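S.K.: Sharing a structure, written as structure tokens. Questions coming.
The values are calculated or read from the model by the stated rules, or taken from the named source; none is laboratory data. Just so it is clear, the structure is predicted and the values come from calculations on it, not from any experiment. As a convention, Cβ positions derive from the backbone with ideal geometry for all residues, glycine included, and neighbour counts pool all protein chains shown.
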Amino acid sequence: MKMMVIGGTGRIGTLLVKALRQQGHEVVAGSRHAQKAEGTVFFDLHESPAEMATRLKGLDAIYFVAGSRGKDLLQTDLNGAVNVMKAAELSGVKRYIQLSSAFALQPERWSEGYLAGITDYNIAKYFADEWLIHQTNLDYTILQPGVLTEKLATGKVTFTVTAPGENPLADVATVLAHVIDQPATVGKVLMMGSGETPIGTALAQL
């Protein structure tokens, strides 16, 4: 498949692009920092949906894994995300995979654990996820991991999460890379935690 990873030079994006290419996909990393790596194209989340759409034509799928890390939540994590969804529809791309955050769609849980310290981030993710689910006709999958860590990958997950936790970056990238090959993930919100089930098996059981 031909796809773009928006936020493709970030921590998750870099790992995801590599994994997707290893699976045989044709992948372009979209980033405002397009000079960072070969196979990267300029993509600015402050552009209009019409401008973005010109960069998305001809793709089979879009991954949205961009984030401002708290520096530009409204324009990047919320409005930028929504504008990419609009651009996807304008350009005729149906498959859309979005990286979100655990419990983003459950505001009643935002006072628990580490979530209490990232309320503004969760608000941005809440409305971006809500827009994707209820205001688009995209074939979406939303992945909601816990805190991203630099720990070694385990290759194992659970999609039954009851409390805020954490996930190695590499495991999150691996799940994202395998979602594209799992039709059962379309129209699903997957909350991800560290578990005992190999990633491929866990996805196949959905």
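S.K.: Suppose we filter region 11-52 for residues that are in a helix (DSSP H, G or I), among the charged types (D, E, K, R) and under 20 Å from MET85 (Cα atoms); how many remain?
M.R.: Result for region 11-52: 1.
S.K.: Condition check: touching a residue at least 24 places away in the same chain (Cβ under 8 Å), out of contact with any strand residue (DSSP E or B) (no Cβ under 9 Å at 6 or more places or on another chain) and buried (at least 19 other Cβ atoms within 10 Å of the Cβ). Does ALA81 satisfy that?
M.R.: For ALA81, the condition - touching a residue at least 24 places away in the same chain (Cβ under 8 Å), out of contact with any strand residue (DSSP E or B) (no Cβ under 9 Å at 6 or more places or on another chain) and buried (at least 19 other Cβ atoms within 10 Å of the Cβ) - is not met.
S.K.: Let me ask you something else. Within region 131-149, take every residue that is aliphatic (A, V, I, L, M) and touching an Asp or Glu at 6+ places or on another chain (Cβ under 8 Å) and give me the one that is surrounded by the fewest Cβ atoms within 10 Å (Cβ to Cβ).
M.R.: Going through the qualifying residues, I end up with VAL147.
S.K.: Output the residues belonging to region 183-194 that are crowded, with 18+ Cβ neighbours inside 10 Å and in a loop (DSSP other than H, G, I, E, B).
M.R.: The one that is crowded, with 18+ Cβ neighbours inside 10 Å and in a loop (DSSP other than H, G, I, E, B): MET192.
S.K.: Follow-up question, since we're still on this one. So, of the residues in region 105-130 that are within 13 Å of the chain's Cα centre (by Cα) and not acidic (Asp, Glu), which turns out to be surrounded by the most Cβ atoms within 10 Å (Cβ to Cβ)?
M.R.: LYS125
S.K.: Within region 179-201, can one find any residue that is touching a strand residue (DSSP E or B) at 6+ places or on another chain (Cβ under 8 Å), at pLDDT below 95 and hydroxyl-bearing (Ser, Thr, Tyr)?
M.R.: yes
S.K.: Would you confirm whether or not region 37-52 contains a residue that is closer than 24 Å to PHE159 by Cα and modelled with pLDDT of 95 or more?
M.R.: No, there is no match, as no residue in region 37-52 is closer than 24 Å to PHE159 by Cα and modelled with pLDDT of 95 or more.
S.K.: Can you tell me how many residues within region 75-104 are under 24 Å from ALA170 (Cα atoms) and modelled with pLDDT of 95 or more?
M.R.: Summing the residues that are under 24 Å from ALA170 (Cα atoms) and modelled with pLDDT of 95 or more in region 75-104 gives 11.
S.K.: Counting just the residues of region 86-128 that are of a type in the set (Val, Ile, Thr) and part of a loop (DSSP other than H, G, I, E, B), which one comes out nearest to LEU59 (Cα to Cα)?
M.R.: Per the stated criteria, the residue is VAL93.
S.K.: So how many residues does region 1-53 have that are closer than 17 Å to ASP181 by Cα, surrounded by 21 or more Cβ atoms within 10 Å (Cβ to Cβ) and without any contact (Cβ under 8 Å) to a residue 40 or more places away in the chain?
M.R.: Qualifying residue count for the region: 2.
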